[in-house]
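The next block holds one structure in the form of structure tokens; read it before the comments.
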Amino acid sequence: MVVVDKPKLLGFWDVVAEKDTWDHELSKGRVSTIVDPLHRYLHRLIASSITTRGKSKEWCTCEDLFFFYCFVYKRSCALVHSLAHYFTSANHQQEHKKLYGGAYVIVIAHLFGYHPHADP
């Protein structure tokens with residue numbers, strides 16, 4: 001498992017967002033303070049597909065920040081482990097939360113040799 005210590009992640013936050021905008025008490029930062037629109041979009045992708053979330057995507061959590069850091073600096077992030085965690089934990093979330101992942105399931109099914117269109 002890849003580990004990035006919290007001071008390094010918070011230093012990264014100060015690089016991509018307005019300085020001193022991380023809420024240490026809540027351990028998250030407002031996405032609206034991210035300076036580059038492309039980075040805001042990248043966070044939206046992370047919050048919609050990798051980390052479990054309800055409708056609230058205006059906050060960047062520590063988990064989001066970890067993936068954000070890994071993607072921007074092209075570091076390994078144990079994505080398979082994280083997706084497995086996402087899929088197994090999403091059913092324990094509140095009912096109104098959505099689970100996006102059909103594309104991942106199809107790719108995984110194909111890798112295991114299952115082709116739904118060939119099913120009788």
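Values quoted throughout were computed directly from the atomic coordinates according to the rules given, and no laboratory measurement underlies them. Source: prediction; values computed, not measured. Quick reminder, even Gly has a Cβ in these numbers, built from the backbone with ideal geometry, and neighbours come from all protein chains shown.
Which residues' amide hydrogens lie under 5 Å from the amide hydrogen of Ala17, considering only partners 5 or more residues apart or on another chain, with H built in the peptide plane?
Sorted by chain and number, the residues that satisfy this are Val35.
Amide H of Trp59: which non-local residues (sequence gap of 5 or more, or other chain) have their own amide H closer than 5 Å, using H built in the peptide plane?
Long-range HN contacts for Trp59: Val31.
Lys8 versus Arg30, label points 7 Å from Cα toward the beta carbon: distance in nm?
2.9 nm
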